[in-house]
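Everything on this sheet refers to the single structure shown next.
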Amino acid sequence: MKFTIKTTSPEKSETGILVICVFTDTPLPPGAQAVNKASHGKLSGFLSSGDLDGKAGATLLLYGLAGVAAERVLLVSLGKSDSFGDKAWRDALAAVGKALADTPAEDGALMFEEIALPPGRDLTWALRQASRIVADCAYKFDAPRIKNGSTKRGAHKIAFLLSSEPNQPQKEAISHGQAIAEGMALVKTLANLGANVCTPAKLAETALALGKQFKFDVNVLERGDMEKLGMGALLSVARGSHQEPKFIVMHYRGGSPGKNGKAHKNKNSGSHPIVLVGKGITFDSGGISLKPGAEMDEMKFDMCGAASVIGAFKTIALMELPVDVVGLVPATENMPSGNASRPGDVVHSMSGQSIEILNTDAEGRLILCDALTYAERFSPDCVIDIATLTGACVVALGRIPSGLLSTDDALAIELTQSGLDSGDRVWRLPLWEEYLEQIRSNFADMANVGGRFGGAITGAVFLSRFAGGYKWAHLDIAGTAWLSGEAKGATGRPLPLLSEFLIGRAKARNTEPSGSPS
Ligand code: BES
Ligand code: MN
Ligand code: ZN
């Protein structure tokens, strides 16, 4: 997909498909007026005919409008102006993305008018969102099908039509949106692949290839290295599988002068990276605490946390973001076998704390806890782990927000805002000390599961015992990382959220007075 910004007036735009967003209850904005005038009132005619549904995201495709240079005009409803907000705008954009992905036209043009933006949002925000959503809608999984019946459809050259020349942030916004979509495509493809293909080794190869392409450091720790480090919790999960576990360490130094990304004037900026940790269970059978058979295939998605960390590295490298980021991916399968861990086993984590495994299906926290301890060596600015950790989180919050649990209020607020700004939202759950009681064990420092209630919190409270040395947030993406049913497949979430957060950090650094502590 290729995005450009043009200042051609819309009626003169020679394009396969011209997209015009309109409210159903207010006069047409100037750009749409121009098209209306050129078409001798055809546009307002169609609008008053009622053919365009009033709901935000409804569309009407018009062909051969006389006086208009575009081959087709797609009218998109923004709904009623008084109920207009981020949601209606996103619904409209998703409809635009779908239409552009499914048109025989090769190129398209999207008209942008300030008055058709949600309250409080500016053109830079809108361009980043639009390019990301449109590019993301064009994603297709390259399925290894026997018969390839898919025809090539979809516009791949998109122009955003502005009324005046774009400034630098606006130009940057479209490349950022595209970089996020490219990262999301990688996340989706890794997750959609079967676990026989997307193994821990495949995750490691993918990270190594990205590191080579974009020149950031990638180091893969093998079983022997993990043994030396004392990662007994991670290794206890890997025992049952024939796949070799991998511990992937990625380091992007965009905040340090002369390294990845643009040089940066703040000499302190490189010292405290943001650490992202992703759960990389390439298949979660449950282990000896075997899962029921129904929908077990979906447990190939249990590496979506890992994929979103790897995808984030692709995105930040494409954006050349001036930030320092470390990515940690503990990767293994959770399988039953004669060598697998049993309920009742006590294992020793890298932190020195012992863990009684009461349920081998609560394996995510076992691999993450050692990664959280490993994170300490980077003296992080903050650590964010991303994991398809609990079915309980899906029960609690459904599939709209990811669960957010954090020991740091400021970080939680920052992530919540990044969620609202990107549309990839989170909702915070409490992490009070009282919950620790649930994972008390008679035989070890803690158990790996609590009781029936508050499972998403129990999982996070377990992790909090390993995340004491820094600011930490945990994202439970069990409900948001993939869709079930007919639309089965990975969503690419929470990459939009993480990208928004990192872009925000980069901006804050750039405006920081030089010499101030980072
Ligand atoms: N990967 C699952 C969590 C999951 C379940 C994600 C369903 C998406 C849909 C995780 O490893 C798991 O099995 N968690 C258990 C924890 C329980 C044993 C305390 C769960 O949620 O049932
Ligand atoms: Mn599990
Ligand atoms: Zn799992």
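The values are calculated or read from the model by the stated rules, or taken from the named source; none is laboratory data. Predicted model only: the values in this text are computed from it and were never measured. Note: ideal-geometry Cβ built from the backbone for every residue, glycine included; neighbour counts use all protein chains shown. Areas reflect the complete protein model, heavy atoms only, side chains present, ligands, DNA and RNA absent. Shrake-Rupley method; radii C 1.70, N 1.55, O 1.52, S 1.80 Å.
Here are the numbers for the structure shown:
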read-out	value
Residue among THR458, THR491 that alone is at pLDDT 95 or above and closer than 12 Å to ASP424 by Cα	THR491
Pair list, Cβ under 8 Å, 6 or more apart: segment 296-307 residue within 10 Å of ALA481 (Cβ to Cβ), other residue within 12 Å of ligand 2 (Cβ to nearest atom) and of a type in the set (Phe, Trp, Tyr)	ASP302/PHE283
Test for ALA473: is it more than 25 Å from GLY489 (Cα to Cα) and touching a residue at least 40 places away in the same chain (Cβ under 8 Å)	yes
When residues of segment 387-405 are limited to those that are within 9 Å of ligand 1 (Cβ to nearest atom) and among the polar types (S, T, N, Q), the one nearest to ARG452 (Cα to Cα)	THR390
Qualifying positions in segment 367-406 - surrounded by fewer than 18 Cβ atoms within 10 Å (Cβ to Cβ) and assigned to a loop (DSSP other than H, G, I, E, B)	SER379, GLY398, ARG399, ILE400
Residues located in segment 387-402, provided they are closer than 30 Å to ASN219 by Cα and either at pLDDT below 95 or within 16 Å of ligand 2 (Cβ to nearest atom) (or both)	ALA387, THR388, LEU389, THR390
Qualifying residue in segment 332-353 (condition: within 12 Å of ligand 3 (Cβ to nearest atom), of a type outside the set (Val, Ile, Thr), at negative phi and touching a helix residue (DSSP H, G or I) at 6+ places or on another chain (Cβ under 6 Å))	yes
Residue selected from segment 158-191 under the condition over 14 Å from the mean Cα position of the chain (by Cα) and of a type in the set (Ser, Thr, Tyr), by the criterion most open to solvent (accessible area, probe 1.4 Å)	SER163
Any strands (runs of 3 or more DSSP E) falling wholly within segment 320-365 and containing at least 3 residues that are open to solvent by less than 40 Å² (accessible area, probe 1.4 Å), within 14 Å of ligand 1 (Cβ to nearest atom) and at pLDDT 95 or above	324-334
Filter result (within 15 Å of ligand 2 (Cβ to nearest atom) and either polar (S, T, N, Q) or surrounded by fewer than 19 Cβ atoms within 10 Å (Cβ to Cβ) (or both)) within segment 431-461	ASN448, THR458
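Yes or no, residue by residue, for (1) among the small types (Gly, Ala, Ser); (2) open to solvent by 60 Å² or more (accessible area, probe 1.4 Å):
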{"position": "LYS37", "(1), (2)": "no, yes"}
{"position": "GLY45", "(1), (2)": "yes, no"}
{"position": "SER49", "(1), (2)": "yes, yes"}
{"position": "ALA58", "(1), (2)": "yes, no"}
{"position": "LEU61", "(1), (2)": "no, yes"}
{"position": "LEU65", "(1), (2)": "no, no"}
{"position": "VAL76", "(1), (2)": "no, no"}
